[in-house]
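Take a look at the structure set out below.
The values are calculated or read from the model by the stated rules, or taken from the named source; none is laboratory data. The structure presented is a predicted model; accordingly, all values stated were derived computationally and were not measured. Cβ: placed from backbone, ideal geometry, glycine included. Neighbour counts: every protein chain shown. Side chains included, ligands, DNA and RNA excluded: accessible areas come from the protein's heavy atoms. Shrake-Rupley method; radii C 1.70, N 1.55, O 1.52, S 1.80 Å.
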Amino acid sequence: MTTPLNSADLDALVAALRAFTPERLTLAREAAGLEVKELAAKVGATPSAISQLENHKTRPKAETLLRLSLALGVPPGFFAAG
């Protein structure tokens with residue numbers, strides 16, 4: 001069962017989606033000691049999808065950003081430029 005997002009969490013998620021920075025995803029993945037294919041398996045994505053996110057080819061959907069956040073142990077705002 002999932003917990004609904006409160007207003008502050010939702011605002012942070014929207015801000016992270018708008019300011020998503022692919023380099024922050026790579027940084028978090030490498031800090032977690034994961035290969036692209038390992039992260040993909042954890043979030044239910046393909047390695048190609050993760051590579052596209054890291055290489056500025058696509059932007060994540062809200063659900064994907066939340067899954068990445070949980071898998072990498074960082075808040076969604078971590079992925080924003082900063």
(request) Just need a number here: residues in segment 1-45 that are touching a residue at least 60 places away in the same chain (Cβ under 8 Å) and on the phi > 0 side of the Ramachandran plot. (result) 0
(request) Sort out which residues of segment 2-45 are part of a loop (DSSP other than H, G, I, E, B) and surrounded by fewer than 13 Cβ atoms within 10 Å (Cβ to Cβ), and write them in order of number. (result) T2, T3, P4, N6, G33, E35, G44
(message) Being touching a residue at least 24 places away in the same chain (Cβ under 8 Å) and β-branched (V, I, T) is the filter here; which residues of segment 51-82 pass it?
(response) V74
(request) Among the residues of segment 46-82, count how many are outside any helix (DSSP H, G or I) and either open to solvent by less than 40 Å² (accessible area, probe 1.4 Å) or not aliphatic (A, V, I, L, M) (or both). (result) 13
